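This report concerns only the one structure given below.
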Amino acid sequence: MSFPPPIQKLIAELSRLPGIGPKTAQRLAFFLLSQDRAALAELAGAILAAKDKIRYCSTCSNLAEEAACPICRESSRRHDVVCVVQDPRDVAAIERTHDFKGLYHVLHGAISPMDGIGPEQLKIKELLGRLSGGTVQEMIIATNPNIEGEATALYLARLIKPLGIKVTRLAHGLPVGGDLEYADELTLARALENRREM
Ligand SMILES: [Zn+2]
């Protein structure tokens, strides 16, 4: 038995979400249908409000509600150290360690020729712009410990070391092939502390 077209459409839209297979999409669709209209309006409103209100920080490309994100606005942070991450969720993971007092730069991805993602699709131009100011003395590369993350780290090291900036990489100990955001706080804090020069 196939479902009426509006339900099929809803299932198809939900299937596009990461990690959601057809079965889960069906389960979610029927759960949503069981909710009252006000609850659904709240959900739809929250999605659109997040989309409309959130933009990229003009300095670090982290998610922000204003032109500058709260981390870049914090005057007590060190401006001479920049930690480069793939994703805003990695910023959140490192912030949870309370160990890093510098600033961030969010690339919004990693180099992945298989997926057609090259350096120009990432926020690398913005990073170079920042580094040209002369304030940054060290760049910590905290891309994920997998093939794409390592390729991105190497690419950045080659690009940035000639500028006379110290380039370091998070120490091993992070689960290889994993995502930074899933590392526990202690592991992440240690990897940060034991970072090595590239
Ligand atoms: Zn920022």
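The values are calculated or read from the model by the stated rules, or taken from the named source; none is laboratory data. Just so we're clear, the structure is a prediction, and the values are computed from it rather than from any experiment. With ideal geometry, Cβ positions are generated from the backbone for all residues, glycine too; neighbour counts draw on all protein chains shown. Surface areas here come from the heavy atoms of the whole protein model, side chains and all, with no ligands, DNA or RNA. Shrake-Rupley method; radii C 1.70, N 1.55, O 1.52, S 1.80 Å.
Among the candidates ILE147, ILE71, the residue that is open to solvent by 10 Å² or more (accessible area, probe 1.4 Å) and within 14 Å of the ligand (Cβ to nearest atom) is uniquely ILE71. When the criteria are applied in full, ARG55 meets the requirement of being under 30 Å from GLY133 (Cα atoms) and either in contact with a Lys or Arg (Cβ under 8 Å, 6 or more places away or on another chain) or open to solvent by 50 Å² or more (accessible area, probe 1.4 Å) (or both). Among all positions in the range 190-197, there is no residue which is under 23 Å from ALA68 (Cβ atoms) and small (Gly, Ala, Ser). Figure legend. Inter-residue proximity from the range 8-21: first residues farther than 13 Å from LEU43 by Cβ, second residues modelled with pLDDT of 95 or more, beta-carbon distance below 6 Å, spacing 6+ or different chains. Indicated pairs: ILE11/ALA25; ILE11/GLN26; ILE11/ALA29; SER15/ALA25; ILE20/LEU14.
Rundown of residues vs (1) at pLDDT 95 or above; (2) closer than 19 Å to ALA189 by Cβ; (3) touching a helix residue (DSSP H, G or I) at 6+ places or on another chain (Cβ under 6 Å); (4) within 10 Å of the ligand (Cβ to nearest atom), yes/no style:
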residue: LEU33; (1), (2), (3), (4): yes, no, no, no
residue: ALA46; (1), (2), (3), (4): yes, no, no, no
residue: SER75; (1), (2), (3), (4): no, no, no, no
residue: VAL91; (1), (2), (3), (4): yes, yes, no, yes
residue: ARG96; (1), (2), (3), (4): no, yes, yes, no
residue: ASP99; (1), (2), (3), (4): no, yes, yes, no
residue: PRO113; (1), (2), (3), (4): no, no, no, no
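Report whether or not GLY164 is in contact (Cβ under 8 Å) with a residue 12 or more places away in the chain and away from the ligand (no atom under 16 Å from the Cβ). For GLY164, the condition - in contact (Cβ under 8 Å) with a residue 12 or more places away in the chain and away from the ligand (no atom under 16 Å from the Cβ) - is not met.
Conditions tested, residue by residue: (1) exposed (fewer than 13 other Cβ atoms within 10 Å of the Cβ); (2) of a type in the set (Asp, Glu); (3) part of a loop (DSSP other than H, G, I, E, B).
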residue: CYS60; (1), (2), (3): no, no, yes
residue: ALA67; (1), (2), (3): yes, no, yes
residue: ASP90; (1), (2), (3): no, yes, no
residue: HIS105; (1), (2), (3): no, no, no
residue: GLU120; (1), (2), (3): yes, yes, no
residue: LYS125; (1), (2), (3): yes, no, no
residue: VAL136; (1), (2), (3): no, no, yes
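Considering the conditions (1) outside any helix (DSSP H, G or I); (2) under 19 Å from THR59 (Cβ atoms); (3) in contact with a strand residue (DSSP E or B) (Cβ under 9 Å, 6 or more places away or on another chain), THR168 is excluded by exactly one of them, (2).
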